[in-house]
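Inspection log for the structure reproduced underneath, given as structure tokens.
Derivation of every value follows stated rules applied to the coordinates shown; laboratory data play no part. Keep in mind that what you see is a predicted model, and the values were worked out from it rather than measured. Quick reminder, even Gly has a Cβ in these numbers, built from the backbone with ideal geometry, and neighbours come from all protein chains shown.
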Amino acid sequence: YLVLLVVEHGSDAYGLVVSGEGDSFQPVAALLKAWSVPFDIMRLDQQHLDASYLFRRSGKIRYGAVIWLADLSSYGTQDLASLEQATRAGTSLIAIDSRILDPTLNKLLGLKFREFYTSTDAFRVNQEHYITRGIAAGKNALPTHSHDYANRLGIQPTNAEVLLDQ
């Protein structure tokens, strides 16, 4: 159940604190701690992602999931082929925010970036799943109308399971 939290950099020179304005690291790390999920942090500015990091010596995967919080500019020299091997071996991959703009992550996630769009339509539950169970039952319902016209990422699934759409 070990999770690898991949971030691009830290804000301090000593590598003791990873934070930044608008960075999603803090809330994700806090959520994992609140849920008592054990996790390691990989800073791409200090460490190199490769098969030895994702697999044990026995060949078994080291992490049940990788949560990707790094932007494209920070992982040009990283070995994403090893990440692909790990996902084929059973490691789940969760990419937060705009990380799906990278073609390699698109392929691993089963998504294809289409365009930016704006919408105030309500979210729709496409299929029953434990993640959407409360929403489908009317609990924790998503707002039916919002005046948020911010840009969103229009994506098309290539082989991903779509639970919610807008």
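Label positions at Glu161 and Ser52, each projected 7 Å from the Cα along the C-beta direction, are separated by 3.6 nm.
Maximal additional length on extending the Leu31-His129 stretch stands at 33.2 nm, based on 0.36 nm per residue less the C-alpha distance.
Summarising the label geometry, the points placed 7 Å from Cα in the beta-carbon direction at Arg62 and Arg88 lie 2.0 nm from one another.
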